[in-house]
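Working notes for the structure below.
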Amino acid sequence: MKKTEDIPDTMRAMVLPAPGAVLTQMQVPVPKPDSGQVLIKVTACGVCRTDLHIVDGDLKEGKYPLIPGHEVVGKVIAVGPGVSALRQGDVVGVPWLAYTCGKCQYCRDGKENLCERALFTGYTTDGGYAEYHVAYERYCFPIPPAYQHPWAAPLLCAGLIGYRSYRMLSGDCTQIGIYGFGAAAHILIQIAVAHQKQIYAFTRKGDIAAQQLAIELGAVWAGDSSQKPPGQLDGAILFAPAGELVPKALSDTGKGATVVCGGIYMSDIPSFPYKLLWQERVVRSVANLTVADGHDFFEQICISPVQTRTELFPLAEADLALRALREGKIHGAAVLYMD
């Protein structure tokens, strides 16, 4: 293992013992990079709604005990055997998708986001709620100099998944509804507005702050999810994990529109009349990301810069950050920093 600085034997980490438990700050061994892996000294880690689903046990396949966190930004300080593209000192970001086998049919078809043997950062492998993190080189994205700050951490999931969801819409969509205006939406709207799209933002009932943020970032209209937009939409993206919004979004869109479900978890979709789907409307989901998505996204935000709105929490306050997210008190994104 090649390294650039002295690496301690142990590190601080926020550990989830079991689903539904409270995160506990512990001293745990610093991981060592294996073949194809790098060791990262973590600068910051975003707090994602998916982390809530993991902590609450909505997602059932995680390992425990677990260090959560999959929006990791930090500096490479050691490399394992076989690493060729990254060097010590590089600033990188680590996303949700941690590893793919490269051998299954999905990987061979360039759909590694659907890999049969995929591993996921902060879910089936330990994540970034810690001072150090090991990641596979293939799933580390170099962070452009302008984004080498803690506020860039949400780009590694909220940004990437939002961008993949956006690209699922047809290119001629101009009137786009975004349902759930949180971390992903407040990044995506900046890209969409730069592309001359008209964005209609739907929030929780009474969430005036999120509606004001949407307007500030360029939305042409903002209201709560029970309201009808002032005009028919060409397409819609759902970031809110609320299945009842699928028929609502379908009813807000015109013929041939696509409704994209951008989350890893959603409550059950209620039954709805076929006429809402008829006339070639499409409902589809987004799963994970591809390596190409990551490189395309960072290229895009160098062309059309984005700025995240973040609330910073020290590592030890991870539970507080998750609670604030659960209660809808975060407008933008929450980020843990290594204090």
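The values are calculated or read from the model by the stated rules, or taken from the named source; none is laboratory data. Quick caveat, the model's predicted, so the values are computed rather than measured. Heads up, the Cβs are rebuilt from the backbone with ideal geometry, glycines too, and the neighbour counts pull from every protein chain shown. What goes into the accessible areas is simple: the full protein's heavy atoms, side chains included, and nothing from ligands, DNA or RNA. Shrake-Rupley method; radii C 1.70, N 1.55, O 1.52, S 1.80 Å.
When both residues are 6+ apart or on different chains and their Cβ atoms are under 8 Å apart, which pairs have a first residue that lies in the range 164-175 and is among the hydrophobic types (A, V, I, L, M, F, W, C), and a second that is assigned to a loop (DSSP other than H, G, I, E, B)?
Partner pairs satisfying both residue conditions: 168/286; 173/197.
Contact list please: Cβ distance under 7 Å, first residue in the range 326-339 and touching a residue at least 60 places away in the same chain (Cβ under 8 Å), second residue open to solvent by 20 Å² or more (accessible area, probe 1.4 Å) and of a type in the set (Phe, Trp, Tyr), pairs at least six apart or on different chains.
335/151
Can you name every one of the strands (runs of 3 or more DSSP E) wholly within the range 1-50 that holds 1 or more residues which are open to solvent by less than 20 Å² (accessible area, probe 1.4 Å) and among the small types (Gly, Ala, Ser)?
The strands (runs of 3 or more DSSP E) meeting that bar are 10-15, 37-47.
Determine which single condition residue 249 fails, assuming it passes every other condition in (1) within 19 Å of residue 181 (Cβ to Cβ); (2) open to solvent by 40 Å² or more (accessible area, probe 1.4 Å).
So residue 249 meets the others, but not (2).
Let me spell it out: the conditions are (1) in contact with a strand residue (DSSP E or B) (Cβ under 6 Å, 6 or more places away or on another chain); (2) aromatic (Phe, Trp, Tyr); (3) farther than 16 Å from residue 33 by Cα, and residue 132 meets all of them except one. Which number is the exception?
Here residue 132 clears every test but (3).
Tell me yes or no: at least one residue of the range 222-238 is more than 27 Å from residue 331 (Cβ to Cβ) and in contact with a Leu (Cβ under 7 Å, 6 or more places away or on another chain).
no
Evaluate the following for residue 233: is it within 23 Å of residue 268 (Cα to Cα) and among the aliphatic types (A, V, I, L, M)?
Answer is no for this residue.
For the subset of the range 187-219 comprising residues that are small (Gly, Ala, Ser) and more than 19 Å from residue 306 (Cα to Cα), which member is least open to solvent (accessible area, probe 1.4 Å)? Steps first, please.
Kept after step one, since they are small (Gly, Ala, Ser), are these residues of the range 187-219: 192, 194, 201, 206, 209-210, 214, 218-219.
The next check asks that each one be more than 19 Å from residue 306 (Cα to Cα); those that pass are 206, 209.
Numbers: 206: 62, 209: 44 Å².
Ranking the candidates gives 209 first.
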